[in-house]
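Remarks on the structure that follows.
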Amino acid sequence: MTCSLEARSEAGTLLYARGALLAPSAPLAGQRRALVEGEPSGDARRHRALVEGEPLPGTPYAVVRLLGQGGMGEVYEVEHLELGRRFAVKLLHRSHAGRLDLSARLRAEARSIARLRHRSLPEVFDLGATEGGRPYFAMELLEGRDLRTELARLGVVAVPTALGLALQALSALSLAHAAGIVHRDLKLENLFLCDDGTLKVLDFGVAKLLHDGAALTAPDAVIGTPRMMAPEQCAAQPIDPRADIYAMGLVLYELVAGRGPFDELRGRRDALRLAHCEREPPPPSRLAPQPIPAALERLILRAIAKAPEHRFQTAADMEAAVRRLHEGARSCAAPASRRARELTPTASDFPAAGSSADGETRVDAPAPRRPSPAPPIRGRAVAARLAHRPRARSRRRARPSPRAARAASRVAALGVCALALASAALVLALAQRWLPGSDHPAPAPPPARAAAQVRSAVR
């Protein structure tokens, strides 16, 4: 459902209405008047939004605020009068109260979500109709923002974060497809990121029930958003869960590249449909402002293949492929500090090297390395050889143990003492030889000994 009202809650978070913002400073009555200004008086009366405190006739709910409004219905934040608990209520437009087809579609949406219990799907609590015959259903009230709003804030989503979001959506789609439900309108506006990091898949209003005998859509009807429709949807051909695979490939493309493959044609419905049917999309690495791993690029291009048989055949298959990439990206990604309730832009995944107080780069705390894209096929052999090269040995010697250090100190001390004693003995010997003799000369040797010495010298 496309929302035309911009509103933000007092807490500063976006609520269920997928991109609808409520300005805190503007009173609700003023917002309601702004909603219908410029419309013909008849349409204004038919599309009059309920005001704060107004009860939903024939229901136990009272309106708190309008969250969003589209062509089929309205979404309100309401409070249960008996329980005091708040919910989000999706209500069919007053002007469509007599449309049996739209009433049946809204009821089918509620039943489809209610029978699917999954963390990434909203929980439905109530289904009924007002006194005027307008069907409604109540579901949990979500706080957060849709991925279109998040992408507009960041410009591009980091690869590990985008893969984690895709995993949550594919897990919910796998359950829906197993139950015979094809969403048919997956896009960033219908993927809601809660403040706790949980992703919710919303708006099953145009979902196709594969196992339902009564079709709610004409066989040749074109259902969906043109910039996200699979080629078989654009051609009004029979569809199956592989149409959602195509849309999930486009979602991943937009998250990591910051734009879609055919965004230059936005607003031109026929040109967009023709592009999805005929034109080959450019690789996301050609448009992305961040490095795109080659394996991720191959995964995206496979998901958005023109022929359904060339895509992933089930959401579970695509989920397994994305999970392998996600685990590899998490192991290679540098750690980055981030708030639990905030996605991180691409630049935050590659922090700069730390610096000391005097501005010099720290050697003991090197900067985390930026995850490099996967090597191309022709370079895998070289990359494998480089990966298995032995690491260079460190030139720093290991520090000796304290016991060995004490023994070495004792040996050094003994050596110093021995050297000192030797030096003292040498000094005494030299002193005895070179110092001048005393006043009493040494007695002359006996004559016989002297004569022997003379003979020895003559020989």
Can you give the FRET efficiency for Ala152 and Glu131, using 1/(1 + (r/R0)^6), R0 = 51 Å, r = Cβ-Cβ distance, to the nearest 0.05?
-> 0.80
Along Cα→Cβ, 7 Å out, is where each label goes; now give me the distance between the ones at Val416 and Arg117 in nm to one decimal.
-> 8.0 nm
What ranking do Ile113, Ile292, Ile245 get, fewest neighbouring Cβ atoms within 10 angstrom at the top?
-> Ile292, Ile113, Ile245
Taking a label point 7 Å from the Cα of Gln313 along the Cα→Cβ vector, which residues of region 169-197 have an amide N closer than 16 Å to it?
-> 178
Compute the distance in nm between two label points, each set 7 Å from the Cα along the Cα-to-Cβ direction, one at Glu264 and one at Leu428.
-> 10.3 nm
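So how do Met248, Met139, Met72 line up by other beta-carbon neighbours within 10 Å, fewest first? Write out the running numbers ahead of the final one.
Working: Met248 27, Met139 23, Met72 19.
In increasing order of surrounding Cβ atoms, one gets Met72, Met139, Met248.
Once you have the Cα-Cα distance between Arg85 and Arg323, take 0.36 nm times their residue separation minus that, and quote the gain in nm to one decimal. Walk me through the intermediate numbers first.
Values: separation 238, 0.36 × 238 = 85.68 nm, distance 3.71 nm.
That pair, Arg85 and Arg323, stretches by 82.0 nm at full extension.
Give me Lys187, Lys90 ranked fewest to most by other Cβ atoms within 10 Å of their Cβ, as a rough exposure proxy.
Numbers: Lys187 22, Lys90 27.
Going from sparsest to densest Cβ surroundings: Lys187, Lys90.
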Any chance you could run the full-extension gain for Asp240 through Ala294? It's 0.36 nm times the residue separation minus the Cα-Cα distance, nm to one decimal.
-> 16.6 nm
FRET efficiency, Glu280 to Thr198 (Cβ-Cβ, R0 35 Å, nearest 0.05) | 0.50
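Bear in mind these aren't lab numbers, they're just calculated from the coordinates by the rules spelled out. Since the model is a prediction, treat every value here as computed from it, not as a measurement. Cβ: placed from backbone, ideal geometry, glycine included. Neighbour counts: every protein chain shown.
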